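Asker: Quick one: the structure is below, questions incoming.
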Amino acid sequence: MSHVTALKRETATQTVRTPGAAVKTGTGKILRPSHKWAVAGVEPSVMDMLRDPLVQLVMARDAINADDVDAALARAQAQLAELV
């Protein structure tokens, strides 16, 4: 079985919580996240991250833009495709 197949199977069996849902901690405390990304297992898309004002400030400081990120992702995707 390839690493990619194993990863897909592992990911498919993980429990994903509903964004914004209350979470009960081990101590019984109820947490109600104010942001949908505050729940473990829920991740923003790349586009959501690029829209974040803090990410935009860091990118501006580092003199990169969304096109640079797209190019890096395309290179990574091509490299991963070669491994499969």
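Asker: Restricting to the stretch 70-84, name every residue that is open to solvent by 60 Å² or more (accessible area, probe 1.4 Å) and not acidic (Asp, Glu).
Answerer: To start, the set of residues in the stretch 70-84 that are open to solvent by 60 Å² or more (accessible area, probe 1.4 Å) comprises 70, 73, 75, 77, 79-84.
Hits for the stretch 70-84 are Leu73, Arg75, Gln77, Gln79, Leu80, Ala81, Leu83, Val84.
Asker: Only residues that are open to solvent by 80 Å² or more (accessible area, probe 1.4 Å) and either within 18 Å of the chain's Cα centre (by Cα) or among the β-branched types (Val, Ile, Thr) (or both): list them for the stretch 53-69, please. Write out each step before concluding.
Answerer: If we filter the stretch 53-69 for residues that are open to solvent by 80 Å² or more (accessible area, probe 1.4 Å), which is where we start, we get 53-54, 56-57, 61, 63, 67.
Passing the criteria: Pro53, Leu54, Gln56.
Asker: Please state which of the following conditions Thr11 fails to meet, knowing it meets all the rest: (1) β-branched (Val, Ile, Thr); (2) modelled with pLDDT of 65 or more; (3) open to solvent by 70 Å² or more (accessible area, probe 1.4 Å).
Answerer: (2)
The values are calculated or read from the model by the stated rules, or taken from the named source; none is laboratory data. Please read these numbers as outputs of a predicted model, since none were measured by experiment. Accessible surface is based on the protein model in full, side chains and every heavy atom, while ligands, DNA and RNA are left aside. Shrake-Rupley method; radii C 1.70, N 1.55, O 1.52, S 1.80 Å.
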